[in-house]
Amino acid sequence: MRHIIAPAFAAALLCSAAFAQQAPTQSGVRLQQVATFDHQVTGVTVAPDGRIFVNFPRWTEDAPISVAEVTRDGRIKPYPNDEWNSWRNAKKNQMSAGDHFVCVQSVVADAHGNLWVVDPAAPGTAPVVPGGPKLVRIDLKANKVAQVIRFDETVAPQGSYLNDVRFSPDGRHAYLTDAGAMGALVVVDLQNGKARRVLHGHPSTQPEKDVVVKTDGQELRRPDGRGVEFAADSIALSPDGRQLYWKALTGRTLYRIATEALSNSRLSAKELESRVERVGESEPTDGLWIDKHGRLYLSAIESNAVKVRDGGRDTILVQDDRLRWPDTFSEGPDGTIYVTSSRIQDMSWFKPENGARLTTQLWRIEGTGTQPP
């Protein structure tokens with residue numbers, strides 16, 4: 001896999017700027033390329049010790065690596081080992097989907113020495129491979145899989161596509177979005193491995209029918225006319241762990257709920273639905289992130305930009321034509337924000353002439369002379 005590693009950097013990010021519809025990139029803020037990949041990347045995470053991990057879903061090609069570590073000397077290697085990354089579409093009936101990465105969508109490092117891998121196990125966002133949906137915990141010190149939480153069809157039914165995950169600060173709960181055919185959230189008790197599917201079919205987790213995703217100034221559609229339609233996708237957790245935020249990719253409305261309610265299995269479906277709060281309006285986004293200072297970042301997929309939400313308004317932090325479909329965020333130990341560009345608008349789903357393989361990038365957002373508030 002081809003790769004380019006940029007020089008080390010440590011910087012904080014500017015908090016806010018005046019709102020404008022087509023505001024320029026904030027002064028002193030710029031993109032710095034960290035790596036480029038021969039395959040379509042989606043997720044990125046930076047562990048507290050600075051190690052960087054990325055993942056490659058099986059969307060239009062049978063990606064040779066699902067989860068990789070970007071090493072300090074610039075190599076990209078399968079993580080935690082070759083065996084977990086050895087599943088292939090052609091070997092679907094020969095390999096166990098429960099202990100191999102089938103179609104990984106995201107990777108997230110927690111504050112307790114673990115790397116978590118979200119595997120919706122739906123190559124090409126097509127049917128779920130039985131026994132494949134799971135949340136995998138890798139011990140970052142031992143570099144070995146320490147726990148596998150498998151999801152049955154009550155949690156990850158056919159048509160589901162588990163998308164991203166956040167973890168409570170105490171390490172007791174995980175919260176996932178399902179961007180599939182019928183959006184939902186998933187709550188996992190990490191102590192006993194039990195998972196619950198909640199807000200299944202609720203308006204807050206569904207695509208908004210009047211929203212059409214546009215890129216390069218045009219509606220993004222497949223050759224047969226189908227548009228982009230993904231349910232609950234973007235997800236973020238407040239620094240204190242008390243509020244979970246999410247929105248549908250094909251949607252404008254940002255929602256939140258108190259995690260105390262989410263974690264209370266005694267609440268009925270109606271009681272839980274009554275706790276959902278509408279936060280405000282934005283544009284179609286793929287990734288959300290709330291940094292340690294409480295700033296909310298949004299991946300503005302229609303405008304090749306990263307925005308910061310401040311006082312209910314979205315302000316452009318950085319806008320760059322190279323940032324095609326900003327996808328997933330992560331925050332380094334020094335406060336630097338990393339973001340992948342997955343180039344979804346360039347996929348063969350929408351542009352068959354491009355073929356199955358896409359070159360994609362990992363970026364970090366650098367600021368000159370900026371300080372956190």
Take a quick pass over the chain and tell me how many lysine pairs come in under 20 angstrom between Cα atoms, counting only ones 8 or more apart or on separate chains. 13
Label points 7 Å out from Cα along the Cβ direction at THR71 and ARG196: separation in nm? 4.5 nm
Between ASP170 and ARG278, the FRET efficiency computed from the C-beta separation at R0 = 35 Å comes out, to the nearest 0.05, as 0.80
Net charge around ASN163, counting only other residues with Cβ within less than 12 Å of its Cβ (Lys, Arg = +1; Asp, Glu = -1)? -4
For VAL108, VAL41, which order do you get if you count the other beta carbons within 10 Å of each Cβ and list the fewest first? VAL108, VAL41
Approximate spin-label separation SER265-ASP99, in nm, with each point projected 7 Å along Cα-to-Cβ: 2.6 nm
If one computes the Cα centroid of region 242-273 and of region 114-176, what distance in Å separates the two points? 19 Å
Net charge contributed by nearby residues that have their C-beta within less than 14 Å of ALA109 (K/R +1, D/E -1): -2
Hey, got the Cα dimensions of the chain along the principal axes, in Å, largest first? 53, 50, 47
Can you show me the helix-derived [θ] at 222 nm for the chain, built from DSSP H runs with n ≥ 4 at -39,500 (n - 2.57) apiece and divided by the number of residues, rounded to the nearest 500. -500 deg cm²/dmol
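The numbers here are math on the coordinates, done by the rules we state, and not lab data. Not measured: the values here are computed from a predicted model. Positions of Cβ are generated from backbone atoms using ideal geometry, with glycine treated the same way; all protein chains shown enter the neighbour counts.
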